[in-house]
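Notes for the one structure printed next.
No value in this document is a laboratory result; all are computed from the given coordinates. Predicted model only: the values in this text are computed from it and were never measured. We place every Cβ from the backbone using ideal geometry, glycine too, and count neighbours over all the protein chains shown.
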Amino acid sequence: MTPDQKALVTATVDTLKEHGVALTTHFYRRMFEHNPELKNVFNMGNQQNGKQQMALALAVLAYAEHIEDPSVLVPAVTKIGHKHVSLDIRPEHYAIVGKHLLASIAEVLGEAATPALLDAWENAYGELAALMSGLESGLYQKAVSQDGGWTGWRPFTVKRKVEESAEITSFYLYPTDGGKVAGFQPGQYVSLRLFLPELNLFQPRQYSLSSAPNEEYYRISVKKEAGNPSHPSGMISNRLHQHVQEGDIVEVAPPAGDFTLETDKQTPVVFVSGGVGQTPLLSMLEYLVTTDSNREIVWVHGSRNTKVHAFREPVAQLAARHGNVHKHIFYDSLEPDLQVEGHYEGIVDLQQLNGGTLLQEADHYVCGPAPFIRKQVQDLDALGVPRAAIHFEEFGPATLSI
């Protein structure tokens, strides 16, 4: 890009701040009208609740703001690249998206979308698409080169379906072809795809792998999303709970994700989760105990009550067997038999655990809803934990910036 083109892109920042969501909403509507087959790739639930439009608007804004030095966006680009690989996004998809994005800019901005501005954004998008495609090509090659690896969608059989709580059920997925499963890093996820008759579409969703890596199966632990007027029910999660049974076949993409345990370190680790946010942290915890790690481990989890608290007993058993595992559980209200050491009333409050439990030299892994993550990161900041030692994962489209 020329300096003049970069200046033109930068000049659109204020417009993107004010009208970014309107632009991306128009873009998705346009793209799905002209390329309806892409509805099988995108999460239509996130289209309905507006999260995808918001996430794309934030991404476009961030790119415009940092067009002079896009290297600062590497962490975000890497996260998006992993998501794309998990959805089997290929270079040809970028051409389709680019066509509709540029057309949307022209249609939404009207006369303000001069030929020079459109040329600048075309070049900017071309550079970003090349960057993303190159990153994703490397991820695809890595996925297919390892033992048991593959790319795209592969059939898996649900051999076990285990109810972990009133809301969360685990699904044990084995390759239908009888082969091995690729290894993964603790904390990663897989995409699972089902056909939804009510939409007449395939729909993919990402689910964290909730067990330690092995060569036989993947375990995902899914929360049934009942939904409410402002948040639609989980189309895929509910179908998994209600209709998918042991013996059924689902399609799965290879493991992806960059929210992973740094397995080569020996620092203490603190796992902080809310609700189903514990699933990637369970994989990390199981990996550490199954590899006989001597790292100090602190498990902090918040749940409404014992009925919806999944993996309560397995984690308690791990803590009982391994002296380096210490657990702290928060419930909205404490029943009399739970008023014992290691149990607390209210939402997760890391301030209550300060005094040796939250080690300054520890790495902290946080996962849960966006408001939960924001609170925990702010509390860790207040406790003096370095930002480099705080790792977090937001489920769904990335709308959280800390």
Amide H within-cut-off set for Val181, under 5 Å, with H built and near neighbours excluded
Glu216
If you place +1 on the Cβ of every Lys and Arg and -1 on the Cβ of every Asp and Glu, how big does the dipole about the Cα centre of segment 3-145 come out, in debye to the nearest 20?
620 debye
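Kindly flag which residue pairs out of Lys99/Lys224; Lys265/Lys327; Lys39/Lys79; Lys83/Lys307 have an alpha-carbon separation exceeding 27 Å in this structure. Write down the numbers at each step before the final one.
Values: Lys99/Lys224 37 Å; Lys265/Lys327 21 Å; Lys39/Lys79 22 Å; Lys83/Lys307 32 Å.
Pairs exceeding the cut-off: Lys99/Lys224; Lys83/Lys307.
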Net charge near Ala120, counting Lys/Arg +1 and Asp/Glu -1 over other residues with Cβ under 12 Å of its Cβ?
-3
How long are the three semi-axes of the equivalent ellipsoid of the chain, in whole Å, if each is the root of 5 times an eigenvalue of the C-alpha gyration tensor, listed from largest down?
37, 25, 21
When ranked by the protection proxy of mean other Cβ atoms within 10 Å per residue, highest first, what sequence do the peptides 326-339, 280-293 form?
280-293, 326-339
